[in-house]
Amino acid sequence: MTPESTSDAVTPLLKIGGFTKRFADVVANDDVGFDVRAGEVHALVGENGAGKSTLLKMIYGVYTPDSGWMLVEDHEATPGSPAEARALGIGMVFQDLRLVPALTVTENIALAMDTGWNLKLDALATRVSDASQRFGLGVDPAALVRHLSIGERQRVEILKVLMTGAKLVILDEPTSVLAPQEVDALLGVVRHLRDQGLGIVIVTHKLREVRAIADRVTVLRGGKTVLVGATPGDYTDDELIEAMVGRSVPPLIALRDAVDTAVPPALLMEGVSANSDRGHQALTSVTLRVYPGELVGVAGVAGSGQRELCEVAMGLRDASAGTISVSGSPVTNPKTAATAGAVCVPEDPVADSVVSRLSVLEHMPLDGRPIPASGLGVAWALIRRRTDEANAKLGLRMAPKHRKLSELSGGNIQRVILTRELALDSTLVVAAYPSRGLDAANVRRTQEVLLEARSRGAGVLMVSEDLDELMSMADRIVVMHDGHISGEVPAAAFDRQRLGQLMVEGVS
Ligand SMILES: Nc1ncnc2c1ncn2[C@@H]1O[C@H](COP(=O)(O)OP(=O)(O)O)[C@@H](O)[C@H]1O
Ligand SMILES: [Mg+2]
């Protein structure tokens, strides 16, 4: 219960020890300690439920620890409220953004100042603009928040925190709500803040982001710290995942056997064009083959036609020209695709394949195949048994069967769809951003399941924004640029630079 003397050469901005917090019978944090220095980015990682948000909320004064101590620049101080935390120079950006959409950026920031409305808005607007420039945030003080993208709103939240005088900025999973191109922009902002001497705590599930940005990393598992203030470069990805999940992870091995091109492709698209929802041409003369036992990766800048490619392959979107077949059977609608053995993980499961008032169990038969019947009703006993089998087979620890989808987070919904689709015996798997929203352990398990599908002879078409993921798994990568395939690279010739050029410029 007493602070350790901090004889480190540098006095940390924040140091905590012995933090423990219980919620009824859950010990969310158990004797947690770590420290954050000025001018460093400290990543806090761990599986869902590891206790990260609880820890951060205690530092920010939202929760009071049951026990533990906290030093801010060597002075003992445990904030009893967020206002007290702000007075200590601690600011936090929550997972769910807390801005008023109908107000401007400046008005939102005024609301956040502890002085309230008791200040001149145009003077504040100038300060907002100055701070935005100084920290490289690119925020327009006069913009209405409802006109801003999620990434821009997040930068407003960061600005709000900075303008209330934060020296320590806590970001709880900021990248999980961002589109891929916004992630890099945010990481740039975080670097900028660090260079200005701030201390940053950032929660993320992505090891790539830890590697890109963190000076040190702390891993929480089951409410306990298993790695404290480690240098990420001292650990391999597998070691970090193991620290998070508490067991060793088998290496991901993509077997690249020669495929048999004499058989009908699992997916054959010839000269396929299609329009987007907005009516402009989204695919132009795409020709693509995925053979049984082959995993073909699709790379490209977001919005280059990946969504339409997957939808057309699954018969969910009409082609305006060209033909599509799955295992030799023509595909003209979702039913023909399902009958031919195709399964699909859509780009946006929440919008595309979820009925939020239904339970996990009720989603299981909605896979495009005939719903199992018993007498005149639905064979729920059979569906229940198959669900348990799918869970055991996939190992993605899907939420309990009775939970409604409306109560689940994006990552949990993704696991329901992955479990339903990938447990089916399929000839073609179309997976759009399959690991989006998942924590590291589930990302790894999903990758294994896709490689297993490929090894048992399914063709796999996998879209990802993560080139490293594609390069570690695919037999071939096709690159999409502006609705057409700008190039194709076999595994032996994978090269980030060449792929990047094909993505951005459409030529290599
Ligand atoms: N307000 C709360 N009431 C009850 N249990 C909670 C509350 N907040 C978190 N928990 C539980 O504490 C554990 C840690 O949760 P959390 O800190 O949100 O983890 P993480 O942010 O790492 O996903 C979980 O088991 C969660 O269910
Ligand atoms: Mg959390």
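The values are calculated or read from the model by the stated rules, or taken from the named source; none is laboratory data. The structure presented is a predicted model; accordingly, all values stated were derived computationally and were not measured. FYI the Cβ positions are ideal-geometry reconstructions off the backbone, even for glycines, and counts take in every protein chain you see.
Can you confirm whether residue 316 is in contact with a Ser or Thr (Cβ under 6 Å, 6 or more places away or on another chain), of a type outside the set (Gly, Ala, Ser) and either crowded, with 16+ Cβ neighbours inside 10 Å or at pLDDT 90 or above (or both)? Step through it out loud before you land on a result.
Values: in contact with a Ser or Thr (Cβ under 6 Å, 6 or more places away or on another chain): no; of a type outside the set (Gly, Ala, Ser): yes; either crowded, with 16+ Cβ neighbours inside 10 Å or at pLDDT 90 or above (or both): yes.
Here the answer is no, as residue 316 does not meet what is asked.
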Worksheet item: What residue, of 438, 450, is surrounded by 17 or more Cβ atoms within 10 Å (Cβ to Cβ), of a type in the set (A, V, I, L, M, F, W, C) and outside any loop (DSSP other than H, G, I, E, B)?
Response: 450
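Of all residues in segment 88-112, count the ones that are among the hydrophobic types (A, V, I, L, M, F, W, C), without any contact (Cβ under 8 Å) to a residue 24 or more places away in the chain and part of a helix (DSSP H, G or I). Outline the logic, then answer.
Applying the first criterion (among the hydrophobic types (A, V, I, L, M, F, W, C)) to segment 88-112 yields 88, 90, 92-94, 97, 99-100, 102-103, 105, 109-112.
Right, trim to without any contact (Cβ under 8 Å) to a residue 24 or more places away in the chain and you get 88, 110-111.
Still in the list and also part of a helix (DSSP H, G or I): 110-111.
Qualifying residue count, segment 88-112: 2.
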Worksheet entry | Filter result (part of a loop (DSSP other than H, G, I, E, B), more than 10 Å from ligand 1 (Cβ to nearest atom) and over 13 Å from residue 19 (Cβ atoms)) within segment 39-60 | 39, 40
Worksheet item: Taking segment 354-387, which residues are within 13 Å of residue 420 (Cβ to Cβ) and among the charged types (D, E, K, R)?
Response: 362, 367, 369, 386
Worksheet entry | Near pairs, Cβ below 8 angstrom, 6+ apart or cross-chain, from segment 41-66 (on the phi > 0 side of the Ramachandran plot) to any residue that is within 8 Å of ligand 1 (Cβ to nearest atom) and part of a helix (DSSP H, G or I) | 46/52
Worksheet item: Among the numbered criteria (1) of a type in the set (Asp, Glu); (2) within 22 Å of residue 337 (Cα to Cα); (3) surrounded by fewer than 17 Cβ atoms within 10 Å (Cβ to Cβ), which single criterion is violated by residue 421?
Response: (3)
Worksheet item: Scanning segment 177-205 for residues that are surrounded by fewer than 20 Cβ atoms within 10 Å (Cβ to Cβ) and either among the acidic types (Asp, Glu) or closer than 21 Å to residue 55 by Cα (or both), which turns out nearest to ligand 2 (Cβ to nearest atom)?
Response: 177
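For segment 167-188, what are the residues that are within 16 Å of ligand 1 (Cβ to nearest atom) and without any contact (Cβ under 8 Å) to a residue 24 or more places away in the chain? Show your work before the answer.
We begin by selecting, within segment 167-188, every residue within 16 Å of ligand 1 (Cβ to nearest atom); these are 170-177.
Those that are within 16 Å of ligand 1 (Cβ to nearest atom) and without any contact (Cβ under 8 Å) to a residue 24 or more places away in the chain: none in segment 167-188.
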Practice prompt. Within segment 46-94, track down each residue that is within 16 Å of ligand 2 (Cβ to nearest atom), buried (at least 19 other Cβ atoms within 10 Å of the Cβ) and of a type in the set (A, V, I, L, M, F, W, C).
Written response: 50, 55, 56, 58, 59, 92, 93
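For segment 488-504, give me the residue count where each residue is under 13 Å from residue 468 (Cβ atoms) and either basic (Lys, Arg) or in contact with a Lys or Arg (Cβ under 7 Å, 6 or more places away or on another chain) (or both). Give the steps one after another, and end with the answer.
Going residue by residue through segment 488-504, those that are under 13 Å from residue 468 (Cβ atoms) are 494-496, 499-500.
Now restrict to residues that are either basic (Lys, Arg) or in contact with a Lys or Arg (Cβ under 7 Å, 6 or more places away or on another chain) (or both): 496.
Within segment 488-504, residues that are under 13 Å from residue 468 (Cβ atoms) and either basic (Lys, Arg) or in contact with a Lys or Arg (Cβ under 7 Å, 6 or more places away or on another chain) (or both) number 1.
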Worksheet item: Does residue 373 satisfy being over 30 Å from residue 288 (Cβ atoms) and either in contact with a helix residue (DSSP H, G or I) (Cβ under 7 Å, 6 or more places away or on another chain) or surrounded by fewer than 16 Cβ atoms within 10 Å (Cβ to Cβ) (or both)?
Response: yes
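Quick one: is residue 80 assigned to a loop (DSSP other than H, G, I, E, B), out of contact with any helix residue (DSSP H, G or I) (no Cβ under 8 Å at 6 or more places or on another chain) and within 9 Å of ligand 1 (Cβ to nearest atom)? Give the derivation first.
On the way: assigned to a loop (DSSP other than H, G, I, E, B): yes; out of contact with any helix residue (DSSP H, G or I) (no Cβ under 8 Å at 6 or more places or on another chain): yes; within 9 Å of ligand 1 (Cβ to nearest atom): no.
No, not satisfied.
Pick from 21, 15: which is of a type in the set (D, E, K, R) and within 16 Å of ligand 2 (Cβ to nearest atom)?
Numbers: 15 fails: within 16 Å of ligand 2 (Cβ to nearest atom).
Just a single option satisfies the conditions, and that option is 21.
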Worksheet item: Within segment 114-133, can one find any residue that is at pLDDT below 90 and within 29 Å of residue 23 (Cα to Cα)?
Response: no
Worksheet item: What residue, among those in segment 295-351 that are over 20 Å from the mean Cα position of the chain (by Cα) and acidic (Asp, Glu), is farthest from residue 258 (Cα to Cα)?
Response: 318
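Yes/no per residue for (1) at pLDDT below 95; (2) over 12 Å from residue 223 (Cβ atoms); (3) more than 8 Å from ligand 1 (Cβ to nearest atom):
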site: 11; (1), (2), (3): yes, yes, yes
site: 19; (1), (2), (3): no, no, yes
site: 33; (1), (2), (3): no, yes, yes
site: 37; (1), (2), (3): no, yes, yes
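If only one of 164, 204 is within 16 Å of ligand 1 (Cβ to nearest atom), in contact with a helix residue (DSSP H, G or I) (Cβ under 9 Å, 6 or more places away or on another chain) and of a type outside the set (D, E, K, R), which one is it?
Working: 164 fails: within 16 Å of ligand 1 (Cβ to nearest atom).
When all the criteria are applied, what remains is 204.
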Item to complete: Read through the list (1) within 21 Å of the chain's Cα centre (by Cα); (2) touching a residue at least 24 places away in the same chain (Cβ under 8 Å), then give the number of the only condition that residue 152 fails.
Response: (2)
Worksheet item: Which ranges mark the strands (runs of 3 or more DSSP E) fully within segment 168-286 that have 1 or more residues being under 19 Å from the mean Cα position of the chain (by Cα) and modelled with pLDDT of 85 or more?
Response: 168-171, 199-203, 216-221
